[in-house]
1. Calculate, for the chain, the solvent-accessible area per residue in square angstrom, rolling a 1.4 angstrom probe over the heavy atoms of the protein chains.
2. On C-alpha positions alone, give me the angle between the axis of helix 101-118 and the longest principal axis of the chain, in degrees, nearest 10.
3. Once neighbouring chains are kept in place and the probe is 1.4 Å, which whole percent of the accessible area of the stretch 99-201 is contributed by carbon and sulfur?
4. At what distance in nm do the modelled label points of Asp186 and Lys14 sit from each other, each positioned 7 Å from its Cα along Cα→Cβ?
5. May I ask for the angle, rounded to the nearest 10°, between helix 140-153 and the longest principal axis of the chain, with both axes built from Cα atoms and the value confined to 0 to 90°?
6. Please work out the ratio of the alpha-carbon Rg of the stretch 18-124 to 2.2 N^0.38 Å and round it to two decimals.
7. Evaluate E = 1/(1 + (r/R0)^6) for Thr32 and Val85, where r is the Cβ-Cβ distance and R0 equals 35 Å; express this FRET efficiency to the nearest 0.05.
8. Top to bottom by accessible area (1.4 Å), largest first, where do Trp178, Trp2 land?
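The values are calculated or read from the model by the stated rules, or taken from the named source; none is laboratory data. Quantities reported herein were computed from a predicted structural model and do not represent experimental measurements. With ideal geometry, Cβ positions are generated from the backbone for all residues, glycine too; neighbour counts draw on all protein chains shown. Just the protein is used for accessible areas: all its heavy atoms, side chains included, with ligands, DNA and RNA removed. Shrake-Rupley method; radii C 1.70, N 1.55, O 1.52, S 1.80 Å.
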Amino acid sequence: DWIAVVGGNTKTKKFIDITGLTDGEHSLRINTTGNAGTVALYGFNADKTTGATLYKCGNGGMTTQKYSYVLPHIQHFVEYIKPDVAIIIIGVNDYRLSEDVNAFYAGYSDLIDSYRSVNKDMGIILISPPVPNASGATDMSVFNDAIRSLAVAKNAEFYSGYEAFPKVWADGDAAGLWFNALHLNDVGAQLLATQNVDKFL
């Protein structure tokens, strides 16, 4: 049944718990009929009482500098989700769009600080991405080194996808690790995830 979320133009956060759902696939529909204002959706969370819950809080196509638009809103879902650990893998877009490495480092640092401003004790794992089928003005190894340095500075964990995966995209693709020029497929993602679970979790 439809459940109304009444904001009343108060500019405050509202949320609804939908309980009693069985494990399995469900659909969520949003109906904006009758809404005369602007609504910002912070996200949807599917919680389990036991085990681990994985949330994807990223934005496709983002560079690290563009995360400055997201920073003011991070506290909202961190306060609600209360994550034990954040796993951050960004850098491919910065690399292929030839973003300045110093700006990349500064934006990344701000992102980590935003998480820790809400939960200072949460674990953070920084993952440098594997080399995609793209080129940039600065070698991917420089971004890898920047992320490694940031992990040391921020007392975070570091996993180098740059070092763990083939440096030549075609070799990794031939090994069945890539979905397209920029994204790992299920096999590549499973490899990355398994190593991080084994090393850190």
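1. Numbers: 13210 Å² over 201 residues.
Value returned for the chain: 66 Å² of accessible area per residue.
2. 40
3. Values: 2610 of 5170 Å².
Of the solvent-accessible surface of the stretch 99-201, carbon and sulfur hold 51 percent.
4. 3.9
5. The two axes meet at around 60 degrees.
6. Working: Rg = 16.6 Å, N = 107, 2.2 N^0.38 = 13.0 Å.
In units of the 2.2 N^0.38 Å rule of thumb, it is 1.28.
7. Details: r = 34 Å, r/R0 = 0.98.
Using R0 = 35 Å, I get an efficiency of 0.50.
8. Working: Trp178 20, Trp2 150 Å².
Largest accessible area first, the residues go Trp2, Trp178.
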